[in-house]
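A.B. asks: Here you go, one structure.
The values are calculated or read from the model by the stated rules, or taken from the named source; none is laboratory data. Computed from a predicted structure; not experimentally measured. Cβ placement follows ideal geometry from the backbone for every residue including glycine, while neighbour counts extend to all protein chains displayed. Heavy atoms of the whole protein, side chains included, go into the accessibility calculation; ligands, DNA and RNA do not. Shrake-Rupley method; radii C 1.70, N 1.55, O 1.52, S 1.80 Å.
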Amino acid sequence: MAAPFFSTPFQPYVYQSPQDAITPFQILGGEAQVVQIMLKPQEKIIAKPGSMCFMSGSIEMENAYLPENEVGIWQWLFGKNISSIVLRNSGQSDGFVGIAAPYFARILPIDLASFNGEILCQPDAFLCSVNDVKVNNTVDQRGRNVVPSAEGFLRQKISGQGLAFILAGGSVVQKNLEIGEVLAVDVSCIVAVTSTVNVQIKYNGPPRRTMFGGDNAVTALLTGPGIVFIQSLPFHRLSQRIARSVTSPNMRENPKFFIQIAIFFFLAYVVIVSSLILTDV
């Protein structure tokens, strides 16, 4: 992974690629973090659309569509992006790019060469990458692992020999699983796992609880060997809490809402009864 580097005032970390190319970077901030990456002339990075925060004047940005064999129908069905942005340093001197997390998230640098060139992540975990990195969406083919959410069976596979930056919400915990060691994790709290980890889905409680939702209704059983990255605050859990806090008080303080609901059901009842009477006639 990235090693400490203190010889320049720019930042404290550098990444050395398998081709001995050195790329300095710095992760700024505490909650909604930004990764600042130094680019030598003609070097480039690939990032998620809308993630660019700032860049030096020598950087050129363009949109690029992913190859068709890397997009897949599942990415389109679940509304995922089928394009990316390419940021290239076209100047004669070093430049820099700041890539920001789209929400309150931490940025994890992943050196794929240290993970046998492949890691499986939650959907939309990929933020940006340096050097040879490919991002594919993969579907768990085992029917028992299909849960009522995209996070359950649609995963991002990041492969290659470069450096990738992924997103995680809240605090991040890394677990190193030994051979045969089992770890139970809430499905939404999984950020990334290595390809050697076996993932099985366990439903907690009767099927009706799974169908109608509920916290911790589905648990993932992770069997080692391998490495697991866990997040304490998934984005969808945060968004649900915000939505509840915004809508619930309004519903309680607005009695017209319940009147409107009563009128709706009354009109529906009248329409159904009228149709039945007319049908009998």
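A.B. asks: Please work out how much accessible surface Phe235 shows to a 1.4 Å probe, ignoring ligands, DNA and RNA, in Å² rounded to 10.
C.D. replies: Its accessible surface works out to 100 Å², give or take rounding.
A.B. asks: Still on this structure, I have one more. Expressed in nm to one decimal, what extension gain is obtained for the pair Glu178 and Ser275 from 0.36 nm per residue of sequence separation less their Cα-Cα distance?
C.D. replies: Gain on extension, Glu178 to Ser275, equals 28.4 nm.
A.B. asks: Which distance in nm do the two modelled labels at Val34 and Thr223 give, with both placed 7 Å along the Cα-to-Cβ direction?
C.D. replies: Placing both labels 7 Å along Cα→Cβ, they lie 4.6 nm apart.
A.B. asks: Give the accessible area for Glu62 in Å² (nearest 10); use a 1.4 Å probe, count only protein heavy atoms, and leave out ligands, DNA and RNA.
C.D. replies: Only protein atoms counted, so the area is about 100 Å².
A.B. asks: Further, regarding this structure: Which one of Cys189, Leu177, Gln156 has its Cα pushed farthest toward the positive end of the charge dipole of region 151-202, where Lys and Arg give +1 and Asp and Glu give -1 at the Cβ?
C.D. replies: Looking along the dipole axis, the top candidate is Gln156.
A.B. asks: Largest first, what is the accessible-area ranking of Met52, Met38 with a 1.4 Å probe?
C.D. replies: So, going from the largest accessible area down, we get Met52, Met38.
A.B. asks: Determine the sum of side-chain charges near Met61: Lys and Arg each +1, Asp and Glu each -1, restricted to other residues whose C-beta is under 13 angstrom from that of Met61.
C.D. replies: Working: positive: Lys44, Lys48, Arg88; negative: Glu60, Glu62.
Residues near Met61 contribute +1 overall.
A.B. asks: Which FRET efficiency value, to the nearest 0.05, is calculated for Ala262 and Ser83 with the Förster distance at 41 angstrom and r the Cβ-Cβ distance?
C.D. replies: Here the calculated transfer efficiency is 0.30.
A.B. asks: Rounded to the nearest 0.05, what FRET efficiency do Glu60 and Glu118 give with R0 = 35 Å and r taken as the Cβ-Cβ distance? Could you check?
C.D. replies: Working: r = 30 Å, r/R0 = 0.87.
Rounded to the nearest 0.05, the efficiency is 0.70.
A.B. asks: Another one. Once phi is turned into ³J(HN,Hα) by the Karplus curve 6.51 cos²θ - 1.76 cosθ + 1.60 with θ = phi - 60°, what whole-Hz value does each residue of region 259-265 show in order, with x for glycine and proline?
C.D. replies: Each residue's phi maps through the Karplus curve to give 5, 5, 5, 5, 5, 4, 5 Hz.
A.B. asks: To continue, here is another question. How would Tyr65, Tyr269 rank on accessible area, largest to smallest, probe 1.4 Å?
C.D. replies: Tyr65, Tyr269
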